[in-house]
Amino acid sequence: MYDNWIDANRVCVIGAGTMGSGIAAHLANLGFQVSLLDVTREACEVGFERAKAAKPPHFFVPERAGSIRLGGIDESLSWIAEADWVCEAIIEKLEAKQSLFATIEPQLRPDAMISTNTSGLQISLLAEGRSKSFRDRFLGTHFFNPPRYLKLLELIPTDVTDPVAITTMRRFLEEKVARRVVVAKDTPGFIANRYGMWSMFLATQVAEKLRLTVEEVDLITGQFLGRPRSGSFRLNDLVGLDIMQDIAKNLIERCPGDPHILPTLDMTPSMAFLLERGWIGEKTGHGFYRKEGKELFVFDIETRAYRQRLEPSIPSITRNASLPIGERIRATLADRDEAGSYLRDYLIPVLQYANFLREEVSDSVLDFDRVMMWGFGWQLGPFELIDAIGAEHLGIDAPKFYDGSKQRSFGGAYIPILTEPDYITLSDAPVIEKKDTYSIRDLGDGIYALAIETKNGLITPALVDDLTTLLESRTLNRFVLTSAAPSFSVGFDLKFFDTAIVNGDRESIVSALQKLQHLGELLETHSCVAAVCGYTLGAGLELAMSCSQIVTLADAQIGLPEMKVGLFPGGRGTTLMRLYNQVNGKRLAEAARSIALGLVSGNAEEARILGYLRASDVTCFHPDRLLSTAKKLAQEATSAPRPVWVQFEGPINGLIDREMEGLHQRGSLSDYDKLIADRIRAIFAKSTSYENALELERKEFADLAFKALSHARIRHMLENGKPLRN
């Protein structure tokens, strides 16, 4: 019955509020045929307009919004019968959801998936009164907001859900909906809200009890604890105090037997004060933080007024920050300053509560940990953190929860953690060779990972030399070119150019470009795939474009921003853009425009529009499957010959010139930008061959580097991290 689920393509989302519209947008980004319904078409359009204006944006490109069909249940109920999957996401009210299911059940296909997006309502209660067929395939699919950016999905079956439906739905959500799935028990708040919300409330309570500032608490509970930089109060603003209050009320009502719920889930005085005024966080512009122009103001818990943000300084944080996470927390717990006091009153109870809850809400400590890592951005889940700190320092009487590749079951035995080859990471792959600039790791099946090891994937002359020596002297039959950093590459080392300019050393610049161009040509002779994520800029993109294929995460920021530092791509970037966009004059003019403006895409789809990705390049929508996707492609990759240089018989020079002149007149290009753009135009329109284009790249790049305005841009970027427009 469930065989067709994995190939489902038509989805009907019911509810055009924040979550419903966000889910619809995420699915449309992935290429699903999406229908979005609300009570009426007008209500649907109003909700969807809010989604289109959301920041950060729900859609990769605005055009994706146009692919979603909008309608009302009053007129378009029949759309449900067309759907392979019906995902309900209306208001979090039990009676409203039950009534809706009674209305739509007659329309459901007998083989369709049916799920509810809820953050805490009991799934079994929602299915009361429905047929056996409905209840067999009914599941909770708890997306996290915003769905495009948060990869966790809690999948919640009931006691009567068909086990085959659970496993098939999980596979579908992981493979086609690009989510990391944790199966949670049908308990109040599941794992994320039952535990995560309790932790959020306690963080605020302890701050008020110890009379610490918002800034101090966010410093303690941010990266120092292995959590996102936002810390606790910024997270409150992002979630919204109104949402926090609603979830807390639900948990208080449904968990009378949990002795930890009250008084922890009571609204604190500061939260109540902000709620009363409607200052509920990010969506109103007021919360614990408030931004006015470029200035950030902070709510003072003591005075109940906003003030300018103060940079906190806590001795134990400064002293212990560089230690491994378990050691630094252990050391800080013993300190008598603000951080030590806070961690004793906050972190110890938080980890003790995880130990109290684990069997009630989850099937394993690994599932519990994954929810907090994937849904809340924790570096370590609570049980990994207990092991890292040491249970004896936390008042927890328990053996280690993990032993190498095993986890301790609730029965006390250590059981193997299943390997997941689809989610392989660099750290999972054995190191074959490692240098300061690169490492080689064995991905299995005859595929290697050649990983850039420089900070932020910086392309340095030493890296270029080492990779060249490697590829010329050693046979790597098939490999994935990637980076050990969170970003593939931030581009070439500007300090090198700055030093060469100061020393008047033109030859070293020309030589560095020649070596970079040669390395790209070497990559072209290999069966290799580039796996890129985060920033993929400048020379990093030039090397990626030299591989047989690029596999990019959907949200990678890709581009050739050399214009921002008074230069243009000189490591084959300009030439490759010319080669891969020579479909016609219009496309060439668009590609030249991308380089001339130094554009960087916000995602892979934008990168395709800007000309940075080729038709054969692949977008990986699943945030944790980049390396496994690249590995599979590398198994089939062949060294791809670069396109033959096409000499156009037409006004290519004029087309590009008009494009640049128009940008100049509109103020998009300064006078100096226009000068650089003319060099790009010359390579695109006047080069007679591939070799001639490379020669022009080196010459024009070196000429620009020694111009005062270019050097000023390079210096400004190095000193301020921002571009200078001169």
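The values are calculated or read from the model by the stated rules, or taken from the named source; none is laboratory data. Only a predicted model underlies this, so the values are computations on that prediction, with no experimental measurement involved. Note that each Cβ is placed from the backbone with ideal geometry, even for glycine, and that neighbours are counted across all protein chains shown. Keep in mind that these areas ignore ligands, DNA and RNA; they rest on the heavy atoms of the full protein, side chains included. Shrake-Rupley method; radii C 1.70, N 1.55, O 1.52, S 1.80 Å.
Of note:
- Evaluated against (1) more than 30 Å from Asn603 (Cβ to Cβ); (2) part of a loop (DSSP other than H, G, I, E, B); (3) not polar (S, T, N, Q), Pro486 falls short on exactly one condition, (1).
- Residue in the range 421-429 that is open to solvent by less than 70 Å² (accessible area, probe 1.4 Å), at pLDDT 95 or above and more than 28 Å from Leu553 (Cβ to Cβ) present: no
- Where a residue in the range 221-235 is more than 14 Å from Leu380 (Cβ to Cβ) and its partner, wherever it lies, is open to solvent by 30 Å² or more (accessible area, probe 1.4 Å) and not in a helix (DSSP H, G or I), with Cβ under 7 Å and at least six apart: Gly222/Pro228; Gly222/Arg229; Gly222/Ser230
- Some residue of the range 518-540 being acidic (Asp, Glu) and crowded, with 24+ Cβ neighbours inside 10 Å: no
- Residues that are free of Cβ contacts under 8 Å to residues at least 60 places away in the same chain and out of contact with any Phe, Trp or Tyr (no Cβ under 9 Å at 6 or more places or on another chain), drawn from the range 591-614: Ala607, Arg608, Leu610
- Flag for Glu695 being farther than 22 Å from Ile501 by Cβ, at pLDDT 95 or above, open to solvent by 30 Å² or more (accessible area, probe 1.4 Å) and part of a helix (DSSP H, G or I): no
- Only residues that are assigned to a strand (DSSP E or B) and open to solvent by less than 10 Å² (accessible area, probe 1.4 Å) were counted in the range 549-561, giving 5.
- When the criteria are applied in full, Arg593 fails the requirement of being basic (Lys, Arg) and more than 21 Å from Arg725 (Cα to Cα).
- Residue within the range 660-683 that is under 19 Å from Phe492 (Cβ atoms), crowded, with 17+ Cβ neighbours inside 10 Å, without any contact (Cβ under 8 Å) to a residue 24 or more places away in the chain and not hydroxyl-bearing (Ser, Thr, Tyr) present: no
- Residue within the range 100-110 that is within 26 Å of Leu251 (Cβ to Cβ), surrounded by 14 or more Cβ atoms within 10 Å (Cβ to Cβ), in contact with a Phe, Trp or Tyr (Cβ under 8 Å, 6 or more places away or on another chain) and modelled with pLDDT of 95 or more present: yes
- Every residue from the range 615-667 that is polar (S, T, N, Q) and under 30 Å from Glu420 (Cβ atoms): Ser616, Thr619, Ser628, Thr629, Gln635, Thr638
- Remark: pairs (first residue in the range 696-712, in contact (Cβ under 8 Å) with a residue 12 or more places away in the chain; second residue open to solvent by 40 Å² or more (accessible area, probe 1.4 Å); Cβ separation under 6 Å; 6+ apart in sequence or on different chains) = Glu700/Arg679; Ala702/Arg506; Leu709/Asn726; Ala712/Asn726.
- Positions within the range 229-239 being of a type outside the set (D, E, K, R) and modelled with pLDDT of 95 or more, in sequence order: Gly231, Ser232, Phe233, Leu235, Asn236
- Count - residues of the range 229-270 that are open to solvent by less than 50 Å² (accessible area, probe 1.4 Å), over 17 Å from Gly287 (Cα atoms) and either among the aliphatic types (A, V, I, L, M) or within 24 Å of the chain's Cα centre (by Cα) (or both): 5
- Which listed residue, of Glu215, Glu208, is assigned to a helix (DSSP H, G or I), charged (D, E, K, R) and open to solvent by 10 Å² or more (accessible area, probe 1.4 Å): Glu208
- Scanning the range 710-725 for residues that are surrounded by fewer than 17 Cβ atoms within 10 Å (Cβ to Cβ) and closer than 16 Å to Ala596 by Cβ, we see that the one that is modelled with the highest pLDDT is Pro723.
- Whether a residue is in contact with an Asp or Glu (Cβ under 7 Å, 6 or more places away or on another chain) and assigned to a helix (DSSP H, G or I) was assessed, and Ser546 does not pass this test.
- Wholly enclosed helices (runs of 4 or more DSSP H) of the range 28-128 bearing at least 1 residues of a type in the set (Phe, Trp, Tyr), touching a residue at least 24 places away in the same chain (Cβ under 8 Å) and touching a helix residue (DSSP H, G or I) at 6+ places or on another chain (Cβ under 8 Å): 41-52, 94-104
- Within the range 156-184, residues that are within 24 Å of Glu360 (Cβ to Cβ) sit with their Cβ atoms under 7 Å from residues that are open to solvent by 30 Å² or more (accessible area, probe 1.4 Å) and small (Gly, Ala, Ser), at 6+ positions apart or across chains, in these pairs: Thr158/Ser124; Asp159/Ser124.
- The range 452-499, residues that are acidic (Asp, Glu) and closer than 25 Å to His716 by Cβ: Asp493, Asp498
- Scope the range 42-64; condition touching a His at 6+ places or on another chain (Cβ under 8 Å) and surrounded by fewer than 20 Cβ atoms within 10 Å (Cβ to Cβ); matching residues: Lys52
- Filtered residues of the range 129-138 (kept if more than 22 Å from Pro188 (Cβ to Cβ) and either in contact with a helix residue (DSSP H, G or I) (Cβ under 6 Å, 6 or more places away or on another chain) or assigned to a helix (DSSP H, G or I) (or both)): Lys132, Ser133, Phe134, Asp136, Arg137
- Residues (surrounded by fewer than 17 Cβ atoms within 10 Å (Cβ to Cβ), of a type in the set (Ser, Thr, Tyr) and in contact (Cβ under 8 Å) with a residue 24 or more places away in the chain) located in the range 129-142: Ser131
- Any strands (runs of 3 or more DSSP E) falling wholly within the range 408-472 and containing at least 1 residues that are farther than 29 Å from Asp387 by Cβ: 431-434, 438-444, 447-452
- Any hit, the range 467-480, residues being at pLDDT 95 or above, within 29 Å of Lys722 (Cβ to Cβ) and surrounded by 15 or more Cβ atoms within 10 Å (Cβ to Cβ): no
- So Gly226, is it of a type outside the set (Val, Ile, Thr), more than 24 Å from Thr18 (Cα to Cα) and within 28 Å of the chain's Cα centre (by Cα): yes
- Of all the residues in the range 489-504, those that are open to solvent by 30 Å² or more (accessible area, probe 1.4 Å) and in a helix (DSSP H, G or I) number 5.
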